[in-house]
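S.K.: Following this message is one structure expressed as structure tokens.
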Amino acid sequence: MAPTSLALPDTETISRIDSSSPTVSRLSDVWKHGYLLWIFTWRDIKVRYKQTFLGASWAALQPLFTMLVFTFVFSRVAKVSSGRDPYPVFVLSGLLPWQFFAYGLIRSSNSLVENRYLLTRVPVPRLALPVSATLTGAPDFVVSLGLLFVMMGFYRIWPSASGLLVVPLTMVVALTALSMGLFLAAVNVRYRDVGYIIPFFTQLMFFLTPVAYPLSLVPQPWRLLYSLNPMSAVVEVFRYVLLRNTVLEWKALTLAGAMVCTLLAMSFSYFRRTERTFADVV
Amino acid sequence: MNEVVIRTEQIGKAYEFGNRRGLVDLRERFSQAIRARLRPRGLTSLEPDGNVWAVRDISFRVRRGEIVGIMGRNGSGKTTLLKMLSGITVPTEGWAEIRGRVATLLDVGAGLHAELTGRENILLNGATHGMSRREIRDVFDRIVEFSELGQSIDQPLKYFSTGMCLRLAFSVAVFQRSSVLAVDEVLAQADPEFQAKCLEAMMGAAKGGQVVLFVSHDLERMRSFCTRGMVFERGRLRCDCAINEAFVHFASEAERPVTPATEFLSEPVAVEG
């Protein structure tokens, strides 16, 4: 009955633990702990709509009502022109990557603090928490995408092969969320100010990203400022590969990509520098 | 069989004194800056060295098959030692070498989720403790069987009692492929039958060559199955000897009064929320 049959092989690696031992995360950890990443993501998805009456319907209702309210406010009241695209489809196609980004950013920023109990009790690979948290919004994203296709059908807009670019673009969205979330998660361990910054920051960033209005409405001198926001290019491109089948704006996208890579490298380096004390201060 | 599995050399962990572990907020920054200006030149800081040693100067070797009972009052450094050995926290000084993997059970609820069922929690808990998909699959049924949770295993964990959670957590810990099984004071949550089963399982693990580190306040029980005892007192290893001797040592030490100042500092209390 006792699990003696799990007797161990004699040749086992010896690990050294001291004040300088490399307990820092490496990029390869993401592959090495792939199963753990998947389990954490699965856990967050699984408990997302637990003990709710409407259950997973929430994933469809939220974007639906957001779309309706935005259409009323921005199209009817503020008279924002969405060009030749019907406004509901226009705004939904922008909300899709935005919501995925914002949810991923919020979840990953809070991931370490939310799991502080785990962090101080289990030798869990720390990088797994923010990384898996950025992917938690994926099911909602897929449902919203379904809703978008229904809306596009309603307005008789047919996606073409360029729509497939949505897949790599979605990965860019996740990486963008991670590039900021990783840093903020590490800071959050020490200073809970992050908890106050995040809602504020995402709200301001939402208005500075062409989600509810097209980038073409932004006066030329301000465009440069917009190009500093990687989500700006990503949202624009995301929208036009689906709705217009247009050629990608490679320049803007490359710039956004470079920006995300730089941010990611900086965040990761900060994360590695601070993670040794996570369990002590969280 | 008598291969050394754990070796520590003057290992120690210091925490910064106080509530925020050395974190300084804006108000404090200002007052520090002002005080620094007001303070006459040449006068050194009056502030004491803000470190508290949770554990210090611990050296020992543990060989395969040993069952080590770790005793000590609250805050004497038992958990901090286990945390360093399992890689949760980094030692401030000294070092340790560990052959193979450490399976830790520091707390009943760590790595479990209230909204998931017992079965789902086995996956979650196994993965958070570093088990691969394959490892979990191989022992999944035996974990379920060992926990003796019956039909409750398909219920969300929020309807579990603490004792039932412990059954689940212990079952996962004992079926990990590890060379060290470190169990902190958690068995008190279980009923006597399951406690006996746990002890039997730990003895079986030791027979198979695993090291068992067992923290408990149940001295009688420890005496019955540990082979070696360690007594911690205010972060120091006061006694490392045969269990009976350690027991006597601990009993006599327990009669001495302790200064409460260091009592509660070293083991941070986990508060959810």
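The values are calculated or read from the model by the stated rules, or taken from the named source; none is laboratory data. Everything numeric in this text was worked out from a predicted model, so none of it was measured. Quick reminder, even Gly has a Cβ in these numbers, built from the backbone with ideal geometry, and neighbours come from all protein chains shown. Remember, those area values only see protein heavy atoms, side chains included, never the ligands or the DNA or RNA. Shrake-Rupley method; radii C 1.70, N 1.55, O 1.52, S 1.80 Å.
S.K.: Could you check segment A:25-63 and list, in sequence order, the residues that are open to solvent by 60 Å² or more (accessible area, probe 1.4 Å), more than 14 Å from B:Glu120 (Cα to Cα) and modelled with pLDDT of 90 or more?
M.R.: A:Gln62
S.K.: While we're on this one: What tally of residues in segment A:241-277 results from selecting those that are among the hydroxyl-bearing types (Ser, Thr, Tyr) and open to solvent by less than 30 Å² (accessible area, probe 1.4 Å)?
M.R.: Filtering segment A:241-277 for residues among the hydroxyl-bearing types (Ser, Thr, Tyr) gives A:246, A:254, A:262, A:267, A:269-270, A:274, A:277.
With the extra rule that they be open to solvent by less than 30 Å² (accessible area, probe 1.4 Å), the set shrinks to A:267, A:274.
The qualifying residues number 2.
S.K.: Could you identify the single residue in B:Ser224, B:Ser171 that is away from every other protein chain (no Cβ under 12 Å) and assigned to a helix (DSSP H, G or I)?
M.R.: One residue alone meets the criteria, B:Ser224.
Listed here are the residues, each with its yes/no results for (1) open to solvent by less than 30 Å² (accessible area, probe 1.4 Å); (2) under 18 Å from the mean Cα position of the chain (by Cα); (3) under 22 Å from A:Thr202 (Cα atoms).
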| residue | (1), (2), (3) |
| --- | --- |
| A:Ser111 | yes, yes, yes |
| A:Arg116 | no, no, no |
| A:Thr120 | yes, no, no |
| A:Ser144 | yes, yes, yes |
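S.K.: How about segment B:84-103: which of its residues are polar (S, T, N, Q) and more than 7 Å from every other protein chain (Cβ to nearest Cβ)?
M.R.: From segment B:84-103, those polar (S, T, N, Q) are B:86, B:89, B:92; that's our starting set.
Those that are polar (S, T, N, Q) and more than 7 Å from every other protein chain (Cβ to nearest Cβ): none in segment B:84-103.
S.K.: Would you check which residues across segment A:64-108 are part of a helix (DSSP H, G or I), of a type in the set (Lys, Arg) and surrounded by fewer than 20 Cβ atoms within 10 Å (Cβ to Cβ) and list them? Spell out how you get there, then give the answer.
M.R.: Start the filter on segment A:64-108 by keeping residues that are part of a helix (DSSP H, G or I), which leaves A:64-77, A:87-108.
Now narrow it down to the ones that are of a type in the set (Lys, Arg): A:76, A:107.
Passing the criteria: only A:Arg76.
S.K.: Considering only segment B:227-253, state which residues are modelled with pLDDT of 90 or more, of a type outside the set (Gly, Ala, Ser) and open to solvent by less than 10 Å² (accessible area, probe 1.4 Å).
M.R.: B:Met230, B:Val231, B:Phe232
S.K.: In this structure, does B:Gly100 turn out to be farther than 30 Å from B:Val248 by Cα and either out of contact with any Gly (no Cβ under 9 Å at 6 or more places or on another chain) or open to solvent by 30 Å² or more (accessible area, probe 1.4 Å) (or both)? Quick ask: steps written out before the conclusion?
M.R.: Details: farther than 30 Å from B:Val248 by Cα: yes; either out of contact with any Gly (no Cβ under 9 Å at 6 or more places or on another chain) or open to solvent by 30 Å² or more (accessible area, probe 1.4 Å) (or both): yes.
Judged against the criteria, B:Gly100 is a match.
S.K.: Follow-up question, since we're still on this one. Any idea which residue in segment A:200-233 is most open to solvent (accessible area, probe 1.4 Å), counting only those that are assigned to a helix (DSSP H, G or I) and touching a Gly at 6+ places or on another chain (Cβ under 9 Å)?
M.R.: First, the residues of segment A:200-233 that are assigned to a helix (DSSP H, G or I): A:200-207, A:215-217, A:220-227, A:230-233.
Next, from what is left, pick out any that are touching a Gly at 6+ places or on another chain (Cβ under 9 Å): A:216, A:230, A:233.
Working: A:Ser216: 85, A:Pro230: 6, A:Ala233: 15 Å².
Among those residues, the one meeting the criterion is A:Ser216.
S.K.: Okay, moving on. Residues being within 10 Å of B:Met71 (Cα to Cα) and of a type in the set (Ser, Thr, Tyr): count how many of those fall in segment B:201-238.
M.R.: 1
S.K.: Let me ask another. For A:Arg156, are the conditions met, namely being of a type in the set (Lys, Arg), over 14 Å from A:Trp98 (Cα atoms), assigned to a helix (DSSP H, G or I) and open to solvent by 40 Å² or more (accessible area, probe 1.4 Å)? Explain how you work it out, then say what you get.
M.R.: Values: of a type in the set (Lys, Arg): yes; over 14 Å from A:Trp98 (Cα atoms): yes; assigned to a helix (DSSP H, G or I): no; open to solvent by 40 Å² or more (accessible area, probe 1.4 Å): yes.
The answer is no for A:Arg156.
S.K.: Go through segment B:113-133 and report how many residues are more than 9 Å from chain A (Cβ to nearest Cβ) and open to solvent by 40 Å² or more (accessible area, probe 1.4 Å). Let's see the steps before the verdict.
M.R.: As a first pass, look at segment B:113-133 and keep what is more than 9 Å from chain A (Cβ to nearest Cβ): B:117-119, B:121-122.
Right, trim to open to solvent by 40 Å² or more (accessible area, probe 1.4 Å) and you get B:119.
Residues flagged as more than 9 Å from chain A (Cβ to nearest Cβ) and open to solvent by 40 Å² or more (accessible area, probe 1.4 Å) within segment B:113-133 amount to 1.
S.K.: Going by the structure shown, is A:Ser179 at pLDDT 95 or above and under 21 Å from the mean Cα position of the chain (by Cα)? Please lay out each step first, then the result.
M.R.: On the way: at pLDDT 95 or above: yes; under 21 Å from the mean Cα position of the chain (by Cα): yes.
Considered against the rule, which asks whether it is at pLDDT 95 or above and under 21 Å from the mean Cα position of the chain (by Cα), A:Ser179 comes out as yes.
S.K.: Just checking, does segment A:92-100 include any residue being within 14 Å of chain B (Cβ to nearest Cβ) and either under 18 Å from A:Leu263 (Cα atoms) or modelled with pLDDT of 95 or more (or both)? Before the answer, list the steps.
M.R.: Applying the first criterion (within 14 Å of chain B (Cβ to nearest Cβ)) to segment A:92-100 yields none.
No: zero hits.
S.K.: Being within 10 Å of chain B (Cβ to nearest Cβ), part of a helix (DSSP H, G or I) and farther than 23 Å from A:Val142 by Cβ narrows it down to one of A:Tyr35, A:Tyr117, so name that one. Working first, answer last.
M.R.: On the way: A:Tyr35 fails: farther than 23 Å from A:Val142 by Cβ.
From the options A:Tyr35, A:Tyr117, the qualifying one is A:Tyr117.
S.K.: Being closer than 18 Å to A:Trp98 by Cβ, among the small types (Gly, Ala, Ser) and part of a helix (DSSP H, G or I) is the filter here, so list the residues in segment A:121-149 that pass it.
M.R.: Passing the criteria: A:Ala133, A:Ala138, A:Ser144, A:Gly146.
S.K.: Mind telling me which of the residues A:Val173, A:Val194, A:Val187 ends up being within 14 Å of chain B (Cβ to nearest Cβ) and open to solvent by less than 20 Å² (accessible area, probe 1.4 Å)? Talk me through it step by step, then tell me what you get.
M.R.: Working: A:Val173 fails: within 14 Å of chain B (Cβ to nearest Cβ); A:Val187 fails: open to solvent by less than 20 Å² (accessible area, probe 1.4 Å).
Just one listed residue meets the conditions, A:Val194.
S.K.: Here's something else I'd like to know. Report, by residue number, each residue of segment B:23-45 that is closer than 30 Å to A:Asp193 by Cα and either at pLDDT below 55 or within 14 Å of another protein chain (Cβ to nearest Cβ) (or both).
M.R.: Of everything in segment B:23-45, those that are closer than 30 Å to A:Asp193 by Cα and either at pLDDT below 55 or within 14 Å of another protein chain (Cβ to nearest Cβ) (or both) turn out to be B:Leu23, B:Val24, B:Asp25, B:Leu26, B:Arg27, B:Glu28, B:Arg29, B:Ser45.
S.K.: Here is a follow-up. Quick one: which of B:Ser161, B:Ser152, B:Ser178 is crowded, with 20+ Cβ neighbours inside 10 Å and more than 7 Å from chain A (Cβ to nearest Cβ)? Spell out the reasoning first.
M.R.: Working: B:Ser161 fails: crowded, with 20+ Cβ neighbours inside 10 Å; B:Ser152 fails: crowded, with 20+ Cβ neighbours inside 10 Å.
Only one candidate passes the filter, namely B:Ser178.
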